[in-house]
Amino acid sequence: MFDLIIRNANLADGRENIDIGIADGRILAVQPALAASTAEAIDAQGQLVTAPFVDAHFHMDSTLSYGLPRVNQSGTLLEGIALWGELKPLLTQDAIIERALAYCDWAVAKGLLAIRSHVDVCDPRLLAVEALLEVKRRVAPYLDLQLVAFPQDGVLRAPGALENLTRALDMGVDVVGGIPHFERTMADGAESVRILCELAAERGLRVDMHCDESDDPLSRHIETLAFHTRRLGLEGRVTGSHLTSMHSMDNYYVSKLIPLIREAGVAAIANPLINITLQGRHDTYPKRRGMTRVPELLAAGVAVAFGHDCVLDPWYPLGSGDMLEVAHMGLHVAQMTGQAAMRQCFAAVTDTPAAILGLDGYGIAPGCRADLVLLQAADPVEAIRLRATRLLVMRAGKVLARSPAASAQLELPGRPQQVDWRHAAR
């Protein structure tokens, strides 16, 4: 006896007309024409059912703060960092919690049920850390929030930052972060990577560093991160986020770097919306795209995820928590319009970041937790094309959010009365 069966579902791996049997919050069966009794059935009508979206890189402590204390007039990374420095003394725990919870509401409505958020630890009050730990507790029934101790101003550059970061870990923050390219010198950047990786190894924690978020082809801290990952036996637990300097590096150096990243088991996270917006600002033309070498990393066997990074904050005046928008931008910037490549972009906001975060029970298979999203699309490519409506969002077999199907009524002589922008493959 199942509590619920979702019938006639298409899955991201290409299987069609699949039934998903759910009981006690878990998936018990995934097969065609499941012959079983159930208290409730949902007909997916040949539309895509996927495991939830996962955002592998976000800044929840600053989200929805756009315009505070002023607007980023230039739209640049450096003005955004300066703006955040102006805002930090004005922050209160209640305001951070209120904004973060509001964003989590948006996320759930978009089928985004797991987020890795970096939280600034350079404020000795650790207000944002305390606030997001409280948010993590409150949203735990419906959203997995993983926190990274992030020294925004540099763990060596900012006074007391290493002590603050260690305190944040003691308070329950999950992952060790860093920003080596923002240290005063290249040598300090490399030293920060060593210190932080050793700290993570001592504590048995994962590492996720803002690494080489620069147009400088000589910003090569990802090389140091891969080296210390292997030296300390951290393979499979380390992530390099952004890696935008790789778009400016010469091909010979990259031909050595990418195998090093792969051999170290370091994952990569690109942030297409933000990378394409903030990088290349010093260029006239030719103008660099700004995103790391996603197709080349994937071809070498490196795990690559996409992150949203920012929504309505000092760095980015747009965004809504829609990971399909992120995948859509990533697909275009990386020129990944081949059939397999477009599906890789869908995996970059679902399966791949789930593995990077180490999510337990993620997926659509017997034994997995029944966290599911029903999309108004037949397959991953159509889902990205349409930024498909989330018809149903489910956590442990319970519905969290519903949205009406997207359509428009037409009043055109001799034409259909309604369109929904779907297009069957021919």
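The values are calculated or read from the model by the stated rules, or taken from the named source; none is laboratory data. What you see is a predicted model; the values in this text were computed from it and never measured. Every residue, glycine as well, gets a Cβ built from its backbone with ideal geometry; the counts of neighbours run over all protein chains shown.
Give the residue, chosen from THR239, THR185, that is among the β-branched types (Val, Ile, Thr) and touching a residue at least 60 places away in the same chain (Cβ under 8 Å).
Numbers: THR185 fails: touching a residue at least 60 places away in the same chain (Cβ under 8 Å).
Result of the check over THR239, THR185: THR239.
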*Determine, yes or no, whether THR244 is in contact (Cβ under 8 Å) with a residue 60 or more places away in the chain and buried (at least 20 other Cβ atoms within 10 Å of the Cβ).*
no
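Can you name the residue in region 27-72 that is of a type in the set (Gly, Ala, Ser) and in contact with a Lys or Arg (Cβ under 8 Å, 6 or more places away or on another chain) and is also nearest to LEU145 (Cα to Cα) among such residues? I'd like the intermediate steps shown before the answer.
Restricting attention to region 27-72, the residues satisfying the condition of being of a type in the set (Gly, Ala, Ser) are 29, 33, 35-37, 39, 41, 44, 46, 51, 56, 62, 65, 67.
Imposing the further condition that a residue be in contact with a Lys or Arg (Cβ under 8 Å, 6 or more places away or on another chain) reduces the set to 41, 44, 56, 65.
Numbers: ALA41: 30, ALA44: 28, ALA56: 10, SER65: 19 Å.
That would be ALA56.
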Selection from region 120-142 of residues free of Cβ contacts under 8 Å to residues at least 60 places away in the same chain and aliphatic (A, V, I, L, M) yields VAL121, LEU126, LEU127, VAL129, LEU133, VAL139, ALA140
Checked LEU205, LEU225, LEU278 against criteria (modelled with pLDDT under 95 and among the aliphatic types (A, V, I, L, M)); the one match is LEU278
Per the filter on region 292-323, residues within 11 Å of the chain's Cα centre (by Cα), within 22 Å of TYR66 (Cβ to Cβ) and not small (Gly, Ala, Ser) are PHE306, HIS308, ASP309, CYS310, ASP322, MET323
Within region 391-400, is even one residue in contact with a Ser or Thr (Cβ under 8 Å, 6 or more places away or on another chain), surrounded by fewer than 18 Cβ atoms within 10 Å (Cβ to Cβ), over 17 Å from VAL294 (Cα atoms) and not assigned by TED's automatic domain parsing to the domain that holds ARG99? no
Taking region 18-35 and keeping residues surrounded by 13 or more Cβ atoms within 10 Å (Cβ to Cβ) and either in the same structural domain as ALA340 (by TED's automatic domain parsing) or not in a strand (DSSP E or B) (or both) leaves GLY25, LEU34
Wholly inside region 146-258, helices (runs of 4 or more DSSP H) that include 2 or more residues that are in the same structural domain as CYS310 (by TED's automatic domain parsing) and touching a His at 6+ places or on another chain (Cβ under 6 Å) are 186-203
Pairs returned, first residue in region 81-92 that is at negative phi, second residue that is of a type outside the set (Asp, Glu) and in a helix (DSSP H, G or I), beta-carbon separation under 6 angstrom, 6 or more apart or interchain, are LEU91/LEU127
Of the candidates GLU202, GLU183, the one satisfying the condition of being more than 22 Å from the chain's Cα centre (by Cα), buried (at least 16 other Cβ atoms within 10 Å of the Cβ) and among the charged types (D, E, K, R) is GLU183
